[in-house]
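First up is the structure itself, then whatever we jot down about it.
Just so you know, all these numbers are worked out from the coordinates, no wet-lab data involved. None of the values given here were measured: they were computed from a predicted structure. Positions of Cβ are backbone-derived with ideal geometry, glycine not excepted, and every protein chain shown enters the neighbour counts.
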Amino acid sequence: MDINSLFNLKGRTALVTGGSRGIGAMIVEGYLAAGAERIYISARKVDQIEAAVEQFGDKVVGIPLDLSTVEGCRSLAAEIAAREDKLDILVNNAGAAWGADFESFPEAGWDRVMDLNVKSLFFLTQALHPQLKAAASFERPAKVINIASIDGMKINPWQTYSYQASKAAVIHLTRRMAAELAPQNILVSGIAPGAFQSEMNKAARDFGDQVGKNIPFPRIGTPEDMAGLAIYLASRAGDYIVGETIACDGGIVNASLPQNGIAP
């Protein structure tokens with residue numbers, strides 16, 4: 001058994017949406033280290049794309065697009081198709097959150113989050129289906145990795161209603177897409193991050209030490225934690241993981257004891 005080839009992405013082409021910062025950038029950095037041939041990243045903001053490309057080097061290609069609409073998803077797929085005959089790895093990471101009181105939570109906060117986090121994930125994968133099929137074989141399947149959240153596995157204290165619902169939807173959608181695409185040698189799986197530094201998780205970004213104290217393995221996640229799992233799922237090592245969403249959270253979902261030893 002060759003461990004180097006087991007976790008190697010040599011020669012593979014990937015697209016990481018929302019790849020210019022946060023969890024997306026952690027995954028891009030990991031894929032580069034694992035030998036990926038070319039990585040496309042997308043985001044809405046041109047300056048963030050340009051900064052990421054400058055940071056990562058010439059193996060990373062930035063395509064600025066808003067993926068919150070089906071039109072945006074199809075435009076990105078067309079850009080990829082114009083450059084690549086096949087796509088080995090698609091990481092659906094782009095996402096949004098919205099918080100507001102229950103009594104005043106707006107429709108715009110519902111639609112924006114659901115459109116980007118759930119609808120666009122599906123329609124981008126649909127639009128890239130030809131490139132994924134072209135890359136896929138029984139010996140080396142293509143991979144689709146959906147970035148969910150532990151907030152789709154357990155509720156959190158914040159009033160982020162559409163976000164929590166959207167991430168639960170992503171986890172179930174991952175199962176359904178996996179059932180459809182596995183016979184085509186396209187394997188769909190997911191990651192549910194916990195506390196990682198990002199613009200979306202400002203508590204972990206700004207108060208990491210304090211947040212970490214409340215986690216069973218008492219620290220927040222690092223880029224290596226996220227990259228390691230993303231490499232695993234994308235590489236030969238993860239070829240038998242189908243439809244599963246793995247919590248990457250230091251034990252928050254599955255290893256948290258009741259506070260004060262009192263069960264709810």
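For the pairs K59/K154; K10/K154; K59/K213; K45/K143; K119/K213; K133/K167, flag any whose C-alpha to C-alpha distance is greater than 31 Å. K59/K154; K10/K154; K59/K213; K119/K213, as the Cα separations exceed 31 Å there. Taking the inverse of the mean 1/r over every pair of distinct Cα atoms in the chain gives a Kirkwood hydrodynamic radius of 18.6 Å. Around the amide H of V61, modelled in the peptide plane, lie the amide H atoms of I39, Y40, I41, all under 5 Å away and 5 or more residues distant in sequence or on another chain. Bridge orientation summary for the chain: considering DSSP beta bridges with both residues in this region, about 0 percent are antiparallel. Projecting label points 7 angstrom from Cα along Cα→Cβ for E107 and R74 puts them 2.5 nm apart. Working note: Karplus 6.51/-1.76/1.60 with θ = phi - 60° gives segment 129-138 the couplings 3, x, 6, 5, 5, 5, 8, 7, 8, 4 Hz, where Gly and Pro are set to x.
Computed extension gain for N214 through A179, at 0.36 nm per residue and net of the alpha carbon distance, reaches 9.0 nm. Packing, as the average of other Cβ atoms within 10 Å across residues, places the peptides 228-234, 178-184 in the order 228-234, 178-184, highest first.
Taking 0.36 nm per residue of sequence separation and removing the Cα-Cα distance, the A51/K133 pair yields an extension gain of 26.4 nm. A crude spin-label estimate for the pair D58 and Q126, with each label 7 Å from Cα along the Cβ direction, gives 3.9 nm. Dividing the C-alpha radius of gyration of segment 22-174 by 2.2 N^0.38 Å, with N its residue count, gives 1.09. One compactness figure for segment 23-81 is 1.12, namely its Cα radius of gyration divided by 2.2 N^0.38 Å.
Between the amide H of C248 and those of A192, G194, distances stay under 5 Å, these residues lying 5 or more places away or on another chain, with hydrogens modeled in the peptide plane.
Take every Cα pair under 8 Å whose residues are at least 6 apart in sequence, average their separation, divide by the length of the chain, and the relative contact order is 20 percent.
Derived scalar couplings between HN and Hα for segment 11-26 equal x, 9, 10, 10, 10, 10, 6, x, x, 8, 7, x, 4, x, 5, 4 Hz in order, rounded to whole Hz, by the Karplus curve 6.51 cos²θ - 1.76 cosθ + 1.60 (θ = phi - 60°), x for Gly and Pro.
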